[in-house]
Amino acid sequence: MTVKEKLKKIIIEELKLEEITPEEIEDDAPLFGEGLGLDSLDAVEIVVLLEKYFSVEVKSLEEGKEAFQSINALAAYVEQRQTQ
Amino acid sequence: MRLLIQGMGVVGGFGCGTDALASALSSGHCAPRNASVKTSQGPLDIAVFFADASRLEEFVNKRSLRRVDHFSKMAILGSYLALQDAGKLEEDRSRMGMIIATGYGAARTTYTLLDSFVLDGETFASPTSFSNSVHNAAVAGVSTLLDITGPGLTVSQFEMSVASALITARCWLEEGSVDSVLFGAVDEYCDVLGYCWHRFFGERATSAHDMDPFNLDLQSAVPGEGASFFVLSRDDGGGSQYGCIENAHLGMVEQYTEGPDGDNTIFFIGADGHRECGAHYKRFLSGHSRTACYTPLYGSLPTGPAFDIAIAALSIKSGKVFPSPVKNKGPGNGADNEGRLPDSGSICCVKISNRGELGTVTLKA
Amino acid sequence: MSPGAVAITGVGCVCAPGNNLPECMESLFRGERNFGAPTRFVSDNAAAFPVFEVADDLASLETRNTPVISRTGMLSLKAAFEAIGDSGLDRESLRSKRVGVCMGTTVGCVMNNETFYRAYLKGQDPDMADITRFLQSNPAAVVAREFDLTGPCQTIVNACSSSTDAIRTGTLWIKSGICDIVLAGGADEMSHVACTGFASLMITDSSPCKPFDRDRKGLNLGEGAAMVVLESEGVRRMRRKGARAFVLGSGASCDAYHLTAPHPDGRGLRRALGEAIASSGVETKEIAFVNAHGTGTQDNDRVESGVLRDMLPGVPFLSTKGYTGHTLGAAGAIEAVFTVACLERGRIPKSAGFSNPDPQLGVSPAEREMEIRGAVAVSESLAFGGHNGVLVLVMGGGPT
């Protein structure tokens, strides 16, 4: 499973987006506001999920803001930190 | 000042809605379901009156409920049912206040939160679980979905929660800062609660299936969960099919003095099979002969009194007292079998704690 | 005095700055900030987030409460003893009156003992003492039991506005005639679960908090308790007791917006503040200062300062959470008590933690200790879940 696929699966399961399938989440669609419609509480939940599933630590929300724009951005963030 | 009951919504072991409650009252029967308690000797069976909140999807789309836990779902469902029953789902709610009484709060989520970090470490704590675990999350959830912008309150006082919270509801309406109050009571069962029952009550906890509340020396309690919601307003003389809440009072059993309608009141006794409360109930019952008890229809939970209020309201609506679904009829066993409301139309719902604290809520036609 | 005014005849307080109100005020006006790594629990990350603990372990507090109670219960009693003593009442005089108890808490009503739960998860049989202690520690019940009080008893769990709401509720009980006296306040002990929970929301600061500051990063948690003795005019005048202050008015509302974030325009706070001022009968120009909620989080401080800027322009405001940490259910009562003490002193301390104005806010809290003009002040709280609670207080003085 690629990082993007894993991210989609985790987001759907852990954020309880039951009616959505991984295929329906576009890689470059916004995660917050429009697109998937996640909010500030989901953002901090994703921070915990990144720690839990990828051992990646997000030190602040400012740092995470760029990364959380889309699945693409999130995957890039994770991959970059995993090689560190 | 009397509080008019404009509508109500209930969900509990008997099902969902006032029709389900009325049906259980008529049949005199409600069977708990089986759950499992994790013990050091392996799993044990326990009977529980579970509440099913799945009808909530008639009112709110699933997506909006994705983060909402069972505790809040029961509260939201009770709220919608009560507002629907009152014919107020479409009305503006900027002058509506909201109060929820709860004994244990969002108990399941308390442990879901701990599950997220207590073994694996703090960095894995779920912020969503934390946010849902604070007791006022249900008021937040309901007020957000239903756009209720008056004052909000969550009261937690174990068995005295309902009577205590109603005192404040009445003050709000008296003060005039709101025109109506959405008043609810919610409690949920969770595995840890089942475990605590097993440890405190031993074999009696896990063998109990048929509650015998008027057998006051017996531990026969079966845990229950659910929500009971009421739309309350000032009594403007218009009347209501459910009558009014005349009074809510907190005190101690030994100081209880009869109200003016004392002889002409029927007492709904909130005894729910807990032996440690037995002596206090005996003391109260020694002075009262017209009694009924309905706890076997919904089980034992701190906010059980709110179900008794709903049953009292249904009694006023139907003009009769439903038979008590109890094996041993208790001291007042003549009166409730007659099936008539007293001439005063007065029903007093009574709850007593193991320390002899007494909470009463009196309704009148 | 407006007919709706309810007298405060006694106050008590215990939090990081001090063990009683005079000690707290001296500490605040010395500009001290008593924060440190938590000592009341073990954390994976002990140094990460400073907290404001009460130094006293309360072991020497003598109570009639024979069952063992939680630290939150003990903190409640500590504040109660001081407040009742301050009011000139005692156990005898309380027993002869209709006395209610209304307390706010967050931690005090949650059964989340980790030792117990870990053992349970592992299939062991933990000692049930933790559960028994929890069942005996409902804060309002603890106070009622201590003084044999049989009036209405209520613990409010409204997150961060709990004890502002408790004081407001107490005034309503007095005004409706169901009580002669109400012991109203709040308490919360330092809690590992709460600390962990707030950290998971990423709204905690790893350094001492900076309410309303440009560089603020979040809140610090604290613990403590405070109580006010609310008294009806009938009882107060009969015993010729001067009031330290009066609650002139109050307001409360729900944002009806989100589980954790405040309404971006502060619509709920605007309403609660408006109602509090209207019900108090004062004009905004009479308000000497505002004890703000001011947690140091981005959201709260932005929303709250926006409301203050619009509704009370030019009125000095401060957050005292830079001295106490965020004491959750106790915050409203601690801040109400601080407000009374500041009115009496005629001065407010500087808003601790503030150095740099935030251009996005357009207003700044008190940068230094200052004299205040006027006898009226506002104390407000904004809570998770969107509760807003506001009190309008006026200085007392004299028997009538």
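Each value in this text was obtained by applying a stated rule to the coordinates, not by laboratory testing. Bear in mind that the values here come from a model prediction, so they are computed numbers and not experimental data. Note that we place each Cβ from the backbone using ideal geometry, even for glycine, and neighbour counts take in every protein chain shown.
Result for chain B in a Gaussian network model with C-alpha springs under 10 Å: among B:L25, B:L114, B:L250, the largest mean-square fluctuation is at B:L114.
In the protein assembly as shown, taking the dipole from charged Cβ atoms about the Cα centre, the farthest positive-side position among C:A261, C:S305, B:S324 is held by B:S324.
For the protein assembly as shown, a simple Cβ point-charge model (Lys and Arg +1, Asp and Glu -1, everything else neutral) yields a dipole of about 1840 debye relative to the Cα centre.
With an a/c value under 1.5 for the gyration tensor axes a ≥ b ≥ c computed over the alpha-carbon atoms, segment A:3-82 is described as rounded. Take the alpha-carbon centre of segment A:38-66, take the same for segment C:137-185, and report the distance between them in whole Å. If we compute the Cα centre of each part, the gap is 40 Å.
With +1 on each Lys and Arg Cβ and -1 on each Asp and Glu Cβ, and nothing else charged, work out how big the dipole of segment B:154-265 is about its Cα centre, in Debye to the nearest 20.
300 debye
Among complete DSSP H helices in chain A, those whose alpha-carbon atoms stretch at least 18 Å along the helix's long axis and whose mean Kyte-Doolittle hydropathy reaches 0.5 are A:40-54. Positive end of the dipole of the protein assembly as shown (Cβ unit charges, origin at the Cα centre): among B:A227, A:Y77, C:P22, the Cα lying farthest that way belongs to C:P22. Within the listed set C:L28, C:L230, C:L58, the Gaussian network model of chain C (springs between alpha-carbon atoms below 10 Å) gives the highest mean-square fluctuation for C:L58.
Antiparallel versus total DSSP beta bridges in segment C:116-259: what percent is that, nearest 5? Write out the running numbers ahead of the final one.
Values: 8 of 9 bridges.
Of those bridges, close to 90 percent are antiparallel.
Taking a Cβ cut-off of under 12 Å around B:T39, the surrounding Lys, Arg, Asp and Glu residues balance to a net charge of -2, with basic ones at +1 and acidic ones at -1. When shorter helices are ignored and each DSSP H run of at least 4 residues is given -39500 (n - 2.57), the per-residue value for chain A at 222 nm works out to -17000 deg cm²/dmol. Amide hydrogen proximity for B:G7: with H placed 1.01 Å from N in the peptide plane, the residues at 5 or more positions away or on another chain lying under 5 Å are B:V231.
Here is the list for segment C:88-135: trypsin sites (Lys or Arg not before Pro) lying in DSSP coil, each with at most 11 other C-beta atoms within 10 angstrom of its C-beta, are C:K122.
Among the trypsin sites (Lys or Arg not before Pro) within segment C:198-248, those in coil by DSSP and having at most 11 neighbouring Cβ atoms inside 10 Å are C:R240.
The count of lysine pairs in chain C that are at least 8 places apart or cross chains, and whose C-alpha atoms lie under 28 Å apart, stands at 17.
Less than 5 angstrom separates the built amide H of B:G224 from those of B:F49, B:S300, B:L301, all sequence-distant by 5 or more or on a different chain.
Please give the calculated 222 nm ellipticity per residue for chain B, where each DSSP H segment of at least 4 residues contributes -39500 (n - 2.57) and the sum is spread over every residue; nearest 500 deg cm²/dmol?
Computed ellipticity for chain B at 222 nm equals -9500 deg cm²/dmol.
Annotation: for a label point projected 7 angstrom from Cα along Cα→Cβ of C:E283, residues of segment C:364-400 with backbone N closer than 15 Å are C:374-376. Summing Cβ point charges (Lys, Arg +1; Asp, Glu -1) relative to the Cα centre of chain A gives a dipole of roughly 380 debye. Computed over segment A:3-82, relative contact order equals 34 percent, with contacts defined as Cα pairs under 8 Å that lie 6+ residues apart. Return the single residue from C:T72, C:T284, C:T115 with maximal mean-square fluctuation; model: Gaussian network over chain C, springs between Cα atoms under 10 Å. Residue with maximal mean-square fluctuation among C:T72, C:T284, C:T115: C:T115. What the Cβ-Cβ distance of B:D147 and C:E92 gives, at R0 = 35 Å and to the nearest 0.05, is a FRET efficiency of 0.10.
Quickly estimate the mean residue ellipticity at 222 nm for chain C, helices only: each DSSP H run with n ≥ 4 gives -39500 (n - 2.57), and the total goes over all residues, rounded to 500.
-9500 deg cm²/dmol
Annotation: the antiparallel percentage among DSSP beta bridges lying fully within the protein assembly as shown is about 70. Ordering B:S346, B:P213, B:V142 by Cα displacement along the dipole of chain B toward the positive end leaves B:P213 in first place; charges were set at the Cβ atoms of Lys, Arg (+1) and Asp, Glu (-1). Modelled spin-label separation between A:I20 and C:D125, with each label point placed 7 Å from Cα along the Cα-to-Cβ direction: 4.8 nm.
Mind checking which lysines have their Cα closer than 26 Å to the Cα of B:K73? Skip sequence neighbours fewer than 8 apart in that chain. Counting by Cα, and skipping residues close in sequence, B:K73 has these lysines nearby: A:K9, A:K16, B:K38, B:K62, B:K88, B:K351.
The GluC sites (Glu not before Pro) found in segment C:60-139 that occupy coil by DSSP, while having at most 11 further C-beta atoms within 10 Å, are C:E62.
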